[in-house]
Amino acid sequence: MQKRFPSLSLSSYGAGWSANRRIAIVAVLLAVATVVAWLSGGNNGHQAPDASAPAPAPSTSSSEAAPKTAAGSGSVPHPPRIAEPVAYAKAAAQMLWSYDTRATSRDQQLAGMRAWMTSETTYADWASVAGQVPDPVLWSRMADQDQHATGTVLEGHYPGAFKQALTEDPSAITKAYIYVVTVNGKQQIAWKKGGAGAEGRAVTLAVQCRPSHDCALAAIAPSVTQ
């Protein structure tokens, strides 16, 4: 029987926002107690993985330093020039759900993902993004099996708690311009000898979109909320 290997995934198994980044984002964006609790992981609405697909694996690299851009980005697409938060979040989710170990090394995967991040270090939680990539040993095992995946986005939206927070304090967003967006979709995975699987995906992202600037990824939330 063909052995299945864990997939690169974005679910609640991923690393959460680091404490200092979460505090910074909440302080400038969501000064509402209920939303603070939500961002801390109190309202987990992620979709359960399909049992027929390879099981997602938690990474041990959440605190990994950003890779050098000289490593290239392999199959990871360059960030699009989009100034609308939901559209950018949907593109980012598709990027995060797609990978190809046949053409991309782990360092290239990290370098490609790093290019999507905001350059404002106060709000950039690189650890929450890098933590989605399997450790070097697991990536090597995946590469041995030519494992690759394609992400498909079904929809993206502002969660209700985020919209409510903005209604209560519209000016809160004007300091960091960070928007919270939840994206739903699916991931199709394939490997050697015809192996394949698929599972639903959902992720909540923090996206920074300052006026007259392209959007950038700030963080991946520790849990998904709809």
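One table, with the values for the structure above:
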{"quantity": "Verdict on residue 163 being in a loop (DSSP other than H, G, I, E, B), of a type in the set (Lys, Arg) and more than 19 Å from residue 81 (Cα to Cα)", "calculated": "no"}
{"quantity": "Every residue from the stretch 174-191 that is part of a strand (DSSP E or B) and not polar (S, T, N, Q)", "calculated": "178, 179, 180, 181, 183, 185, 186, 189, 190, 191"}
{"quantity": "Number of the condition not met by residue 155 [criteria: (1) in a loop (DSSP other than H, G, I, E, B); (2) over 16 Å from residue 98 (Cβ atoms)]", "calculated": "(1)"}
{"quantity": "Residue 104 farther than 18 Å from residue 218 by Cα and either out of contact with any Ser or Thr (no Cβ under 8 Å at 6 or more places or on another chain) or not small (Gly, Ala, Ser) (or both)", "calculated": "yes"}
{"quantity": "Qualifying residue in the stretch 180-192 (condition: open to solvent by 30 Å² or more (accessible area, probe 1.4 Å) and either without any contact (Cβ under 8 Å) to a residue 60 or more places away in the chain or farther than 22 Å from residue 74 by Cβ (or both))", "calculated": "yes"}
{"quantity": "Of all residues in the stretch 85-106 being of a type outside the set (Lys, Arg) and more than 17 Å from the chain's Cα centre (by Cα), the one that is surrounded by the most Cβ atoms within 10 Å (Cβ to Cβ)", "calculated": "101"}
{"quantity": "Exclusive hit being acidic (Asp, Glu) and closer than 19 Å to residue 215 by Cβ, set 168, 155", "calculated": "155"}
{"quantity": "Residue in the stretch 109-132 that is in a loop (DSSP other than H, G, I, E, B), modelled with pLDDT of 50 or more and over 29 Å from residue 212 (Cα atoms) present", "calculated": "yes"}
{"quantity": "Count - residues of the stretch 192-226 that are in a strand (DSSP E or B) and more than 22 Å from residue 112 (Cα to Cα)", "calculated": "6"}
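Residue by residue, here is whether (1) over 30 Å from residue 195 (Cβ atoms); (2) in contact (Cβ under 8 Å) with a residue 60 or more places away in the chain holds:
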{"site": "72", "(1), (2)": "no, no"}
{"site": "104", "(1), (2)": "no, no"}
{"site": "111", "(1), (2)": "no, no"}
{"site": "126", "(1), (2)": "yes, yes"}
{"site": "134", "(1), (2)": "no, yes"}
{"site": "140", "(1), (2)": "no, no"}
{"site": "156", "(1), (2)": "no, yes"}
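The values are calculated or read from the model by the stated rules, or taken from the named source; none is laboratory data. This is a predicted model, so every value here is computed, not measured. Don't worry about glycine lacking a Cβ; one is built from the backbone with ideal geometry, like all the others, and counts go over all protein chains shown. All accessible areas refer to the heavy atoms of the entire protein, side chains included, with ligands and DNA or RNA removed. Shrake-Rupley method; radii C 1.70, N 1.55, O 1.52, S 1.80 Å.
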